[in-house]
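Worksheet: the structure to be examined is printed underneath.
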Amino acid sequence: MPSSSLRTVIARVRWAGSRAIVALLAGVVAVAGSFAVSGRTPSFVVAPVDAFVVTTTPAIVLTVAIEQLGRLGETLASLVAVALTIGLFAVVAQVTLVGGKTLSSRLPVPAWVGQPAVVGAAMALLAWLLVGNITSAVGTALPAAVLVALAGRRPGESVPAVGVDASRRRLLALTGGVFGFGIVSYAIGSRRSPGLERELETDLEADATALSQQAADMELAVDGIPGLVSESSAFFTVDINNIDPVVDADDWTLTVTGEVDTDYTLTYDDLVTGDVQTGYNTLRCVGEQLNADLLDNAVWTAVPVAPLLERAGPGGGCECVRVQAADGYYQQFPLAVMERGYLAFGMNGTALPRAHGHPVRLLIPGHWGEINVKWVTEFEVLEEEVDGYWEERGWHGTGPVNTIAKLWTTNELDDGRVQVGGHAYAGTRGIETVEVSTDGGDSWTTAELSEAFDPVDVLGDRDAWRQWQYTWEPPAGDSEVVVRAIDGNGDIQPADESSPFPSGSSGWVRETVSV
(Lines give C-alpha, C1' and ligand atoms only; values in the text may rest on other atoms or scores of the structure.)
Protein backbone atom coordinates (compact mmCIF):
# COMPACT_ATOMS: atom_id res chain seq x y z
CA MET A 1 0.00 0.00 0.00
CA PRO A 2 1.20 3.52 -0.62
CA SER A 3 2.59 5.40 2.30
CA SER A 4 0.51 8.05 4.03
CA SER A 5 2.55 10.82 2.41
CA LEU A 6 1.95 9.37 -1.05
CA ARG A 7 -1.76 9.07 -0.32
CA THR A 8 -1.75 12.71 0.70
CA VAL A 9 -0.06 13.73 -2.56
CA ILE A 10 -2.55 11.72 -4.61
CA ALA A 11 -5.43 13.25 -2.70
CA ARG A 12 -4.10 16.75 -3.21
CA VAL A 13 -3.66 16.15 -6.94
CA ARG A 14 -7.22 14.84 -7.14
CA TRP A 15 -8.50 17.84 -5.19
CA ALA A 16 -6.55 20.21 -7.46
CA GLY A 17 -8.06 18.62 -10.57
CA SER A 18 -11.50 18.77 -9.03
CA ARG A 19 -11.09 22.46 -8.23
CA ALA A 20 -9.90 23.21 -11.78
CA ILE A 21 -12.95 21.53 -13.30
CA VAL A 22 -15.29 23.31 -10.90
CA ALA A 23 -13.60 26.63 -11.71
CA LEU A 24 -14.02 26.03 -15.45
CA LEU A 25 -17.69 25.12 -15.00
CA ALA A 26 -18.12 28.23 -12.88
CA GLY A 27 -16.68 30.30 -15.72
CA VAL A 28 -19.14 28.75 -18.17
CA VAL A 29 -22.22 29.39 -16.04
CA ALA A 30 -21.02 32.90 -15.23
CA VAL A 31 -20.86 33.83 -18.92
CA ALA A 32 -24.13 32.00 -19.64
CA GLY A 33 -25.84 33.80 -16.78
CA SER A 34 -24.66 37.16 -18.08
CA PHE A 35 -26.06 36.35 -21.52
CA ALA A 36 -29.39 35.29 -20.03
CA VAL A 37 -29.92 38.70 -18.41
CA SER A 38 -28.19 40.86 -21.04
CA GLY A 39 -28.54 39.17 -24.42
CA ARG A 40 -26.27 40.41 -27.22
CA THR A 41 -25.85 43.89 -25.76
CA PRO A 42 -22.82 45.79 -24.46
CA SER A 43 -23.82 44.63 -20.95
CA PHE A 44 -22.89 41.05 -21.86
CA VAL A 45 -19.53 40.32 -20.24
CA VAL A 46 -18.12 39.01 -23.53
CA ALA A 47 -18.58 42.42 -25.23
CA PRO A 48 -15.40 44.13 -23.95
CA VAL A 49 -13.35 40.98 -24.54
CA ASP A 50 -14.69 40.80 -28.10
CA ALA A 51 -13.69 44.43 -28.64
CA PHE A 52 -10.23 43.65 -27.28
CA VAL A 53 -9.87 40.71 -29.68
CA VAL A 54 -10.85 42.91 -32.63
CA THR A 55 -8.51 45.71 -31.60
CA THR A 56 -5.47 43.50 -31.05
CA THR A 57 -5.86 41.17 -34.03
CA PRO A 58 -3.16 41.98 -36.63
CA ALA A 59 -4.43 43.51 -39.87
CA ILE A 60 -3.04 40.62 -41.94
CA VAL A 61 -5.04 38.12 -39.87
CA LEU A 62 -8.22 40.18 -40.32
CA THR A 63 -7.65 40.32 -44.06
CA VAL A 64 -7.15 36.57 -44.37
CA ALA A 65 -10.24 35.92 -42.24
CA ILE A 66 -12.36 38.28 -44.34
CA GLU A 67 -11.16 36.87 -47.67
CA GLN A 68 -11.04 33.18 -46.83
CA LEU A 69 -13.65 32.71 -44.13
CA GLY A 70 -16.22 35.45 -44.70
CA ARG A 71 -19.06 35.22 -42.19
CA LEU A 72 -17.44 32.15 -40.66
CA GLY A 73 -14.58 34.41 -39.62
CA GLU A 74 -16.98 36.55 -37.59
CA THR A 75 -18.37 33.45 -35.94
CA LEU A 76 -14.91 32.17 -35.06
CA ALA A 77 -13.92 35.57 -33.65
CA SER A 78 -17.04 35.55 -31.51
CA LEU A 79 -16.28 32.04 -30.25
CA VAL A 80 -12.72 33.08 -29.40
CA ALA A 81 -14.06 36.01 -27.37
CA VAL A 82 -16.49 33.73 -25.54
CA ALA A 83 -13.73 31.20 -24.79
CA LEU A 84 -11.40 33.91 -23.50
CA THR A 85 -14.13 35.32 -21.27
CA ILE A 86 -14.94 31.90 -19.85
CA GLY A 87 -11.23 31.39 -19.22
CA LEU A 88 -10.97 34.75 -17.45
CA PHE A 89 -13.84 33.95 -15.11
CA ALA A 90 -12.51 30.42 -14.57
CA VAL A 91 -9.15 31.83 -13.48
CA VAL A 92 -10.86 34.15 -11.02
CA ALA A 93 -12.91 31.23 -9.71
CA GLN A 94 -9.79 29.07 -9.34
CA VAL A 95 -7.88 31.79 -7.50
CA THR A 96 -10.86 32.43 -5.25
CA LEU A 97 -11.37 28.75 -4.49
CA VAL A 98 -7.76 28.44 -3.41
CA GLY A 99 -7.02 31.82 -1.87
CA GLY A 100 -10.50 32.63 -0.64
CA LYS A 101 -10.78 29.69 1.72
CA THR A 102 -9.32 31.68 4.61
CA LEU A 103 -11.72 34.55 4.01
CA SER A 104 -14.75 32.29 3.70
CA SER A 105 -13.80 30.50 6.90
CA ARG A 106 -14.07 33.79 8.79
CA LEU A 107 -17.62 34.41 7.64
CA PRO A 108 -20.34 33.61 10.21
CA VAL A 109 -21.76 30.87 7.95
CA PRO A 110 -20.88 27.24 7.22
CA ALA A 111 -17.92 26.68 4.89
CA TRP A 112 -20.13 25.20 2.17
CA VAL A 113 -22.03 28.52 2.16
CA GLY A 114 -19.13 30.92 2.72
CA GLN A 115 -16.95 29.76 -0.13
CA PRO A 116 -19.70 30.08 -2.80
CA ALA A 117 -20.44 33.56 -1.45
CA VAL A 118 -16.82 34.60 -1.84
CA VAL A 119 -16.64 33.15 -5.37
CA GLY A 120 -19.89 34.88 -6.31
CA ALA A 121 -18.61 38.20 -4.99
CA ALA A 122 -15.39 37.84 -7.00
CA MET A 123 -17.38 37.02 -10.16
CA ALA A 124 -19.68 40.00 -9.61
CA LEU A 125 -16.73 42.32 -9.13
CA LEU A 126 -15.07 41.12 -12.35
CA ALA A 127 -18.31 41.49 -14.30
CA TRP A 128 -18.77 44.99 -12.92
CA LEU A 129 -15.25 45.97 -13.91
CA LEU A 130 -15.85 44.64 -17.43
CA VAL A 131 -19.26 46.14 -18.23
CA GLY A 132 -20.29 48.34 -15.29
CA ASN A 133 -23.79 46.86 -15.21
CA ILE A 134 -25.30 45.60 -11.96
CA THR A 135 -27.81 43.29 -13.65
CA SER A 136 -25.10 41.55 -15.63
CA ALA A 137 -22.93 41.34 -12.48
CA VAL A 138 -25.72 39.61 -10.55
CA GLY A 139 -26.52 37.36 -13.51
CA THR A 140 -22.87 36.35 -13.61
CA ALA A 141 -22.39 35.83 -9.87
CA LEU A 142 -25.47 33.87 -8.86
CA PRO A 143 -25.08 30.80 -11.13
CA ALA A 144 -21.35 30.63 -10.34
CA ALA A 145 -22.02 30.73 -6.61
CA VAL A 146 -24.74 28.08 -6.89
CA LEU A 147 -22.45 25.81 -8.88
CA VAL A 148 -19.65 26.09 -6.30
CA ALA A 149 -22.17 25.36 -3.56
CA LEU A 150 -23.36 22.24 -5.37
CA ALA A 151 -19.77 21.15 -5.93
CA GLY A 152 -18.77 21.59 -2.31
CA ARG A 153 -18.92 19.08 0.51
CA ARG A 154 -22.13 18.80 2.45
CA PRO A 155 -22.52 18.76 6.26
CA GLY A 156 -21.51 15.33 7.52
CA GLU A 157 -19.04 14.75 4.65
CA SER A 158 -15.31 14.92 5.31
CA VAL A 159 -14.01 18.34 4.29
CA PRO A 160 -10.62 18.36 2.52
CA ALA A 161 -8.00 20.70 3.86
CA VAL A 162 -7.56 22.43 0.53
CA GLY A 163 -11.15 23.44 -0.25
CA VAL A 164 -13.69 22.30 -2.82
CA ASP A 165 -13.53 18.65 -3.77
CA ALA A 166 -16.16 16.93 -5.89
CA SER A 167 -16.48 13.28 -6.66
CA ARG A 168 -16.37 12.03 -10.23
CA ARG A 169 -20.10 11.34 -10.17
CA ARG A 170 -20.85 14.81 -8.85
CA LEU A 171 -18.63 16.43 -11.50
CA LEU A 172 -20.45 14.56 -14.25
CA ALA A 173 -23.78 15.67 -12.84
CA LEU A 174 -22.58 19.26 -12.62
CA THR A 175 -21.29 19.17 -16.21
CA GLY A 176 -24.68 17.99 -17.42
CA GLY A 177 -26.39 20.69 -15.41
CA VAL A 178 -24.06 23.35 -16.83
CA PHE A 179 -24.82 22.18 -20.36
CA GLY A 180 -28.55 22.45 -19.73
CA PHE A 181 -28.17 25.85 -18.06
CA GLY A 182 -26.20 27.08 -21.07
CA ILE A 183 -28.96 26.05 -23.47
CA VAL A 184 -31.66 27.72 -21.37
CA SER A 185 -29.56 30.88 -20.95
CA TYR A 186 -28.95 31.08 -24.69
CA ALA A 187 -32.66 30.72 -25.40
CA ILE A 188 -33.56 33.41 -22.89
CA GLY A 189 -30.80 35.83 -23.90
CA SER A 190 -31.52 35.44 -27.62
CA ARG A 191 -35.04 36.69 -27.05
CA ARG A 192 -33.90 39.81 -25.25
CA SER A 193 -34.17 42.97 -27.32
CA PRO A 194 -33.50 46.52 -26.16
CA GLY A 195 -36.78 47.58 -27.79
CA LEU A 196 -35.42 50.97 -28.81
CA GLU A 197 -36.93 51.22 -32.29
CA ARG A 198 -39.41 54.02 -32.84
CA GLU A 199 -42.28 53.82 -35.25
CA LEU A 200 -42.04 55.86 -38.43
CA GLU A 201 -44.72 58.44 -39.03
CA THR A 202 -47.68 56.99 -40.93
CA ASP A 203 -47.01 58.89 -44.13
CA LEU A 204 -43.35 57.85 -44.20
CA GLU A 205 -44.30 54.22 -43.59
CA ALA A 206 -46.82 54.48 -46.43
CA ASP A 207 -44.19 55.89 -48.80
CA ALA A 208 -41.82 53.02 -48.05
CA THR A 209 -44.57 50.43 -48.39
CA ALA A 210 -45.53 51.84 -51.78
CA LEU A 211 -41.95 51.57 -53.03
CA SER A 212 -41.66 48.01 -51.74
CA GLN A 213 -44.83 47.07 -53.61
CA GLN A 214 -43.57 48.83 -56.72
CA ALA A 215 -40.39 46.75 -56.57
CA ALA A 216 -42.38 43.54 -56.10
CA ASP A 217 -44.38 44.33 -59.24
CA MET A 218 -41.15 44.77 -61.22
CA GLU A 219 -39.52 41.47 -60.23
CA LEU A 220 -38.70 38.75 -62.73
CA ALA A 221 -40.30 35.33 -62.32
CA VAL A 222 -37.12 33.43 -61.43
CA ASP A 223 -36.92 30.85 -58.66
CA GLY A 224 -33.89 31.06 -56.42
CA ILE A 225 -32.96 34.75 -56.56
CA PRO A 226 -33.93 37.34 -53.94
CA GLY A 227 -36.54 39.97 -54.62
CA LEU A 228 -35.68 43.55 -55.50
CA VAL A 229 -36.14 44.67 -51.88
CA SER A 230 -34.33 42.60 -49.25
CA GLU A 231 -36.05 41.82 -45.96
CA SER A 232 -34.43 43.80 -43.15
CA SER A 233 -33.74 40.60 -41.21
CA ALA A 234 -32.03 39.03 -44.25
CA PHE A 235 -30.03 42.13 -45.23
CA PHE A 236 -26.34 41.40 -44.70
CA THR A 237 -24.52 42.90 -41.71
CA VAL A 238 -20.76 43.25 -41.22
CA ASP A 239 -19.38 45.13 -38.21
CA ILE A 240 -16.05 45.49 -36.44
CA ASN A 241 -17.56 44.04 -33.25
CA ASN A 242 -19.81 41.03 -32.84
CA ILE A 243 -22.03 42.78 -30.31
CA ASP A 244 -23.87 45.86 -31.52
CA PRO A 245 -24.15 49.02 -29.43
CA VAL A 246 -27.49 50.02 -27.94
CA VAL A 247 -28.36 53.65 -28.68
CA ASP A 248 -31.74 55.09 -27.70
CA ALA A 249 -33.20 57.55 -30.19
CA ASP A 250 -34.18 59.84 -27.31
CA ASP A 251 -30.53 60.03 -26.26
CA TRP A 252 -28.98 60.18 -29.73
CA THR A 253 -27.19 63.28 -30.95
CA LEU A 254 -25.02 64.12 -33.92
CA THR A 255 -22.22 66.61 -33.33
CA VAL A 256 -20.88 68.54 -36.32
CA THR A 257 -17.50 69.95 -35.43
CA GLY A 258 -13.95 70.55 -36.68
CA GLU A 259 -12.93 73.19 -39.19
CA VAL A 260 -16.36 74.83 -39.36
CA ASP A 261 -17.78 78.27 -38.66
CA THR A 262 -20.22 76.95 -36.07
CA ASP A 263 -20.19 73.72 -34.10
CA TYR A 264 -23.65 72.38 -33.38
CA THR A 265 -25.45 69.30 -32.10
CA LEU A 266 -28.46 67.70 -33.76
CA THR A 267 -31.04 65.58 -31.93
CA TYR A 268 -33.07 62.74 -33.39
CA ASP A 269 -36.22 64.88 -33.42
CA ASP A 270 -34.30 67.64 -35.22
CA LEU A 271 -33.19 65.14 -37.86
CA VAL A 272 -36.55 63.55 -38.65
CA THR A 273 -38.19 66.94 -39.17
CA GLY A 274 -35.72 67.82 -41.94
CA ASP A 275 -35.91 67.22 -45.69
CA VAL A 276 -36.99 63.58 -45.43
CA GLN A 277 -36.68 61.44 -48.55
CA THR A 278 -37.58 57.81 -49.20
CA GLY A 279 -35.85 55.71 -51.83
CA TYR A 280 -34.01 52.56 -52.86
CA ASN A 281 -30.31 52.10 -52.17
CA THR A 282 -28.11 49.02 -52.62
CA LEU A 283 -25.11 48.07 -50.48
CA ARG A 284 -22.31 45.62 -51.34
CA CYS A 285 -19.61 44.41 -48.94
CA VAL A 286 -16.04 45.09 -50.06
CA GLY A 287 -14.85 41.87 -48.42
CA GLU A 288 -17.19 39.45 -50.21
CA GLN A 289 -16.05 36.85 -52.69
CA LEU A 290 -16.98 37.33 -56.33
CA ASN A 291 -20.27 35.42 -56.36
CA ALA A 292 -21.11 35.66 -52.66
CA ASP A 293 -24.36 37.11 -51.34
CA LEU A 294 -23.24 40.15 -49.33
CA LEU A 295 -25.26 42.38 -51.63
CA ASP A 296 -28.71 43.71 -50.72
CA ASN A 297 -31.18 46.47 -51.47
CA ALA A 298 -33.65 48.24 -49.19
CA VAL A 299 -36.07 51.14 -49.08
CA TRP A 300 -34.51 53.77 -46.84
CA THR A 301 -36.04 56.80 -45.15
CA ALA A 302 -33.34 59.45 -44.89
CA VAL A 303 -32.32 63.10 -44.98
CA PRO A 304 -29.53 64.58 -47.13
CA VAL A 305 -26.19 65.29 -45.46
CA ALA A 306 -25.33 68.40 -47.52
CA PRO A 307 -27.65 70.83 -45.66
CA LEU A 308 -26.31 69.59 -42.31
CA LEU A 309 -22.73 70.34 -43.35
CA GLU A 310 -23.74 73.64 -44.91
CA ARG A 311 -25.31 74.71 -41.63
CA ALA A 312 -21.94 74.30 -39.89
CA GLY A 313 -20.06 76.19 -42.62
CA PRO A 314 -16.95 74.16 -43.54
CA GLY A 315 -13.83 76.24 -44.13
CA GLY A 316 -12.78 76.93 -47.70
CA GLY A 317 -9.69 74.72 -47.47
CA CYS A 318 -11.45 71.68 -45.98
CA GLU A 319 -11.08 68.42 -47.88
CA CYS A 320 -12.31 65.68 -45.60
CA VAL A 321 -15.03 64.65 -43.14
CA ARG A 322 -14.29 62.09 -40.46
CA VAL A 323 -17.39 60.18 -39.32
CA GLN A 324 -17.42 58.60 -35.87
CA ALA A 325 -19.73 55.80 -34.67
CA ALA A 326 -20.93 54.65 -31.26
CA ASP A 327 -19.16 51.29 -31.64
CA GLY A 328 -15.73 52.89 -32.07
CA TYR A 329 -15.74 52.64 -35.86
CA TYR A 330 -14.68 55.64 -37.93
CA GLN A 331 -14.39 56.48 -41.59
CA GLN A 332 -13.25 59.43 -43.66
CA PHE A 333 -14.73 60.88 -46.84
CA PRO A 334 -13.73 63.59 -49.26
CA LEU A 335 -16.02 66.52 -48.54
CA ALA A 336 -17.55 66.38 -52.03
CA VAL A 337 -18.44 62.69 -51.56
CA MET A 338 -19.89 63.31 -48.10
CA GLU A 339 -22.15 66.05 -49.43
CA ARG A 340 -23.86 63.46 -51.65
CA GLY A 341 -24.67 61.24 -48.67
CA TYR A 342 -27.74 60.64 -46.53
CA LEU A 343 -28.50 59.97 -42.89
CA ALA A 344 -31.04 57.13 -42.76
CA PHE A 345 -33.39 56.53 -39.83
CA GLY A 346 -35.86 54.19 -41.53
CA MET A 347 -35.53 50.87 -43.36
CA ASN A 348 -38.30 49.13 -45.33
CA GLY A 349 -41.06 51.12 -43.65
CA THR A 350 -39.94 50.75 -40.04
CA ALA A 351 -37.48 52.59 -37.83
CA LEU A 352 -33.90 51.54 -38.52
CA PRO A 353 -33.23 48.18 -36.81
CA ARG A 354 -30.45 48.02 -34.22
CA ALA A 355 -28.35 45.68 -36.38
CA HIS A 356 -28.39 48.28 -39.15
CA GLY A 357 -27.39 51.26 -37.05
CA HIS A 358 -30.38 52.35 -34.96
CA PRO A 359 -31.21 55.10 -34.62
CA VAL A 360 -29.23 56.71 -37.47
CA ARG A 361 -26.73 55.49 -40.05
CA LEU A 362 -24.89 56.98 -43.00
CA LEU A 363 -25.52 56.08 -46.65
CA ILE A 364 -23.00 57.10 -49.31
CA PRO A 365 -24.52 56.09 -52.68
CA GLY A 366 -22.29 54.13 -55.02
CA HIS A 367 -19.62 53.27 -52.45
CA TRP A 368 -18.73 50.06 -50.65
CA GLY A 369 -20.91 49.01 -47.73
CA GLU A 370 -18.02 49.26 -45.26
CA ILE A 371 -18.08 53.06 -45.33
CA ASN A 372 -21.81 53.43 -44.77
CA VAL A 373 -21.22 54.05 -41.07
CA LYS A 374 -23.80 52.77 -38.57
CA TRP A 375 -24.70 54.33 -35.19
CA VAL A 376 -23.35 57.69 -36.36
CA THR A 377 -22.45 60.17 -33.60
CA GLU A 378 -20.11 62.79 -35.08
CA PHE A 379 -19.04 64.60 -38.25
CA GLU A 380 -15.62 66.18 -37.94
CA VAL A 381 -14.62 68.45 -40.83
CA LEU A 382 -10.87 68.39 -41.47
CA GLU A 383 -8.52 70.42 -43.67
CA GLU A 384 -6.55 67.34 -44.77
CA GLU A 385 -7.61 63.80 -45.55
CA VAL A 386 -6.93 61.12 -42.96
CA ASP A 387 -7.22 57.34 -43.08
CA GLY A 388 -10.36 55.55 -41.94
CA TYR A 389 -10.58 52.35 -39.91
CA TRP A 390 -10.16 49.93 -42.82
CA GLU A 391 -7.75 52.13 -44.74
CA GLU A 392 -5.41 51.95 -41.74
CA ARG A 393 -5.58 48.17 -42.23
CA GLY A 394 -4.67 48.29 -45.91
CA TRP A 395 -8.10 48.41 -47.59
CA HIS A 396 -9.08 51.09 -50.09
CA GLY A 397 -11.93 52.71 -48.24
CA THR A 398 -13.95 55.31 -50.09
CA GLY A 399 -13.59 54.22 -53.71
CA PRO A 400 -16.73 53.49 -55.77
CA VAL A 401 -18.01 49.92 -56.00
CA ASN A 402 -16.96 47.55 -58.79
CA THR A 403 -19.47 46.49 -61.42
CA ILE A 404 -20.71 42.95 -60.83
CA ALA A 405 -23.19 40.47 -62.30
CA LYS A 406 -24.03 37.66 -59.87
CA LEU A 407 -25.08 34.19 -61.02
CA TRP A 408 -27.21 32.96 -58.15
CA THR A 409 -29.51 30.30 -59.55
CA THR A 410 -29.76 27.58 -62.19
CA ASN A 411 -33.23 26.12 -62.86
CA GLU A 412 -34.04 23.16 -65.06
CA LEU A 413 -37.49 23.88 -66.54
CA ASP A 414 -40.16 21.31 -67.38
CA ASP A 415 -39.73 21.83 -71.13
CA GLY A 416 -36.05 20.85 -70.98
CA ARG A 417 -34.66 24.35 -71.10
CA VAL A 418 -32.33 25.79 -68.45
CA GLN A 419 -32.76 29.16 -66.77
CA VAL A 420 -29.96 31.07 -65.06
CA GLY A 421 -30.37 34.29 -63.14
CA GLY A 422 -29.11 36.66 -60.50
CA HIS A 423 -28.57 40.33 -59.76
CA ALA A 424 -26.30 42.98 -61.26
CA TYR A 425 -25.01 46.14 -59.62
CA ALA A 426 -22.73 49.05 -60.59
CA GLY A 427 -23.36 51.70 -57.95
CA THR A 428 -24.46 55.11 -59.20
CA ARG A 429 -23.40 54.17 -62.73
CA GLY A 430 -26.42 51.89 -62.95
CA ILE A 431 -26.81 48.68 -64.95
CA GLU A 432 -27.52 49.05 -68.65
CA THR A 433 -27.11 45.44 -69.87
CA VAL A 434 -26.26 41.95 -68.64
CA GLU A 435 -24.77 39.55 -71.17
CA VAL A 436 -24.61 35.77 -70.88
CA SER A 437 -22.29 33.33 -72.63
CA THR A 438 -23.02 29.60 -72.65
CA ASP A 439 -19.79 28.65 -74.40
CA GLY A 440 -17.21 29.94 -71.95
CA GLY A 441 -17.11 33.51 -73.27
CA ASP A 442 -16.74 32.91 -77.03
CA SER A 443 -20.16 34.41 -77.82
CA TRP A 444 -22.60 36.59 -75.87
CA THR A 445 -26.36 37.04 -75.67
CA THR A 446 -28.27 39.84 -73.94
CA ALA A 447 -30.17 38.70 -70.85
CA GLU A 448 -33.57 39.89 -69.73
CA LEU A 449 -33.39 42.60 -67.05
CA SER A 450 -35.92 43.73 -64.51
CA GLU A 451 -37.13 47.24 -65.17
CA ALA A 452 -34.82 49.95 -63.86
CA PHE A 453 -36.14 51.92 -60.91
CA ASP A 454 -37.22 55.47 -61.64
CA PRO A 455 -34.25 57.68 -60.65
CA VAL A 456 -36.54 59.86 -58.51
CA ASP A 457 -37.16 56.78 -56.32
CA VAL A 458 -33.45 55.99 -55.81
CA LEU A 459 -31.19 57.67 -53.28
CA GLY A 460 -28.15 58.65 -55.33
CA ASP A 461 -29.91 58.41 -58.72
CA ARG A 462 -29.15 54.94 -60.18
CA ASP A 463 -27.62 53.31 -57.08
CA ALA A 464 -29.81 50.20 -57.09
CA TRP A 465 -29.39 46.68 -58.40
CA ARG A 466 -31.39 44.91 -61.12
CA GLN A 467 -32.40 41.29 -61.61
CA TRP A 468 -31.46 39.39 -64.74
CA GLN A 469 -32.39 36.04 -66.27
CA TYR A 470 -31.52 34.03 -69.37
CA THR A 471 -33.23 30.86 -70.59
CA TRP A 472 -31.90 28.55 -73.33
CA GLU A 473 -31.96 24.96 -74.53
CA PRO A 474 -28.50 23.58 -73.81
CA PRO A 475 -26.88 20.67 -75.63
CA ALA A 476 -26.19 17.45 -73.78
CA GLY A 477 -23.10 17.58 -71.62
CA ASP A 478 -21.43 20.54 -69.94
CA SER A 479 -21.94 24.19 -70.77
CA GLU A 480 -19.73 26.85 -69.23
CA VAL A 481 -21.97 29.79 -68.38
CA VAL A 482 -20.32 33.20 -67.98
CA VAL A 483 -22.05 36.47 -67.08
CA ARG A 484 -20.92 40.08 -67.29
CA ALA A 485 -22.57 43.46 -66.81
CA ILE A 486 -22.33 46.70 -68.74
CA ASP A 487 -22.85 49.81 -66.63
CA GLY A 488 -24.74 52.99 -67.49
CA ASN A 489 -21.55 54.57 -68.82
CA GLY A 490 -21.17 51.78 -71.38
CA ASP A 491 -18.20 50.18 -69.62
CA ILE A 492 -18.00 46.37 -69.58
CA GLN A 493 -17.32 44.66 -66.30
CA PRO A 494 -13.61 43.69 -66.21
CA ALA A 495 -12.97 40.04 -67.03
CA ASP A 496 -9.91 39.47 -64.85
CA GLU A 497 -10.79 38.06 -61.46
CA SER A 498 -9.40 39.80 -58.38
CA SER A 499 -9.66 38.97 -54.69
CA PRO A 500 -11.53 41.22 -52.26
CA PHE A 501 -8.38 42.77 -50.77
CA PRO A 502 -7.76 45.64 -51.08
CA SER A 503 -10.34 47.13 -53.47
CA GLY A 504 -13.17 44.59 -53.65
CA SER A 505 -13.57 41.50 -55.81
CA SER A 506 -14.20 41.78 -59.54
CA GLY A 507 -14.26 39.57 -62.64
CA TRP A 508 -16.73 37.50 -64.61
CA VAL A 509 -18.70 34.87 -62.72
CA ARG A 510 -18.50 31.39 -64.27
CA GLU A 511 -20.42 28.22 -63.60
CA THR A 512 -20.58 24.84 -65.33
CA VAL A 513 -24.10 23.67 -66.14
CA SER A 514 -24.49 19.94 -66.84
CA VAL A 515 -27.40 18.40 -68.74
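The values are calculated or read from the model by the stated rules, or taken from the named source; none is laboratory data. Values in this document were obtained by computation on a predicted structure and should not be read as measured data. All Cβ positions, even for glycine, are placed from backbone atoms using ideal geometry, and neighbour counts span all protein chains on display. Note: accessible area is taken over every heavy atom of the protein model, side chains too, but ligands, DNA and RNA are not part of it. Shrake-Rupley method; radii C 1.70, N 1.55, O 1.52, S 1.80 Å.
Of all the listed residues (Glu378, Glu288, Glu385), the sole one being assigned to a loop (DSSP other than H, G, I, E, B), surrounded by fewer than 21 Cβ atoms within 10 Å (Cβ to Cβ) and touching a strand residue (DSSP E or B) at 6+ places or on another chain (Cβ under 9 Å) is Glu385. Surrounded by fewer than 17 Cβ atoms within 10 Å (Cβ to Cβ), at pLDDT 95 or above and at negative phi: does that describe Ala36? Judged against the criteria, Ala36 is not a match. Residue pairs, Cβ under 8 Å, 6 or more apart or interchain, first in the range 452-480 and touching a residue at least 12 places away in the same chain (Cβ under 8 Å), second polar (S, T, N, Q) and part of a loop (DSSP other than H, G, I, E, B). List them. Once the first residue is touching a residue at least 12 places away in the same chain (Cβ under 8 Å) and sits in the range 452-480, its partners that are polar (S, T, N, Q) and part of a loop (DSSP other than H, G, I, E, B) give Arg466/Ser450; Gln467/Ser450; Trp468/Ser450; Trp472/Thr438; Pro474/Thr438; Ser479/Thr438; Glu480/Thr438.
Quick check on the range 409-432. Is at least one of its residues of a type in the set (Asp, Glu) and modelled with pLDDT of 95 or more? Yes, the conditions are met somewhere in the range 409-432.
When Glu370 is tested against the conditions (1) open to solvent by 20 Å² or more (accessible area, probe 1.4 Å); (2) out of contact with any Phe, Trp or Tyr (no Cβ under 8 Å at 6 or more places or on another chain), the lone failure is (2).
Pro194 passes all but one of (1) open to solvent by 40 Å² or more (accessible area, probe 1.4 Å); (2) over 23 Å from the mean Cα position of the chain (by Cα); which number fails? Evaluating Pro194 over (1) open to solvent by 40 Å² or more (accessible area, probe 1.4 Å); (2) over 23 Å from the mean Cα position of the chain (by Cα) leaves (2) as the failure.
Please verify whether Gln419 is in contact with a strand residue (DSSP E or B) (Cβ under 9 Å, 6 or more places away or on another chain), crowded, with 20+ Cβ neighbours inside 10 Å and not in a loop (DSSP other than H, G, I, E, B), treating the condition exactly as stated. No; evaluated as a whole, the condition is false for this residue. Per this entry, Asp248 is counted among residues that are open to solvent by 30 Å² or more (accessible area, probe 1.4 Å), assigned to a loop (DSSP other than H, G, I, E, B) and closer than 30 Å to Arg40 by Cβ. The criterion of at least 1 residues that are at pLDDT 85 or above, of a type in the set (Gly, Ala, Ser) and surrounded by 14 or more Cβ atoms within 10 Å (Cβ to Cβ) is met by the following helices (runs of 4 or more DSSP H) wholly inside the range 68-158: 71-99, 111-131, 134-151. A single member of Thr209, Thr253 is open to solvent by 70 Å² or more (accessible area, probe 1.4 Å) and modelled with pLDDT of 95 or more, and it is Thr209. Just one of the numbered conditions (1) within 30 Å of Trp390 (Cβ to Cβ); (2) over 23 Å from the mean Cα position of the chain (by Cα); (3) in a loop (DSSP other than H, G, I, E, B) is not true of Leu220: (1).
Under the condition of being modelled with pLDDT under 95 and touching a strand residue (DSSP E or B) at 6+ places or on another chain (Cβ under 6 Å), which residue from the range 472-501 is surrounded by the fewest Cβ atoms within 10 Å (Cβ to Cβ)? Within the range 472-501, the match that is surrounded by the fewest Cβ atoms within 10 Å (Cβ to Cβ) is Asp478.
Hey, does the range 310-325 have a residue that's within 21 Å of the chain's Cα centre (by Cα) and surrounded by fewer than 22 Cβ atoms within 10 Å (Cβ to Cβ)? Within the range 310-325, one or more residues are within 21 Å of the chain's Cα centre (by Cα) and surrounded by fewer than 22 Cβ atoms within 10 Å (Cβ to Cβ). For the range 356-391, the set of residues classified as of a type in the set (D, E, K, R) and over 20 Å from the mean Cα position of the chain (by Cα) consists of Glu378, Glu380, Glu383, Glu384, Glu385, Asp387, listed by residue number.
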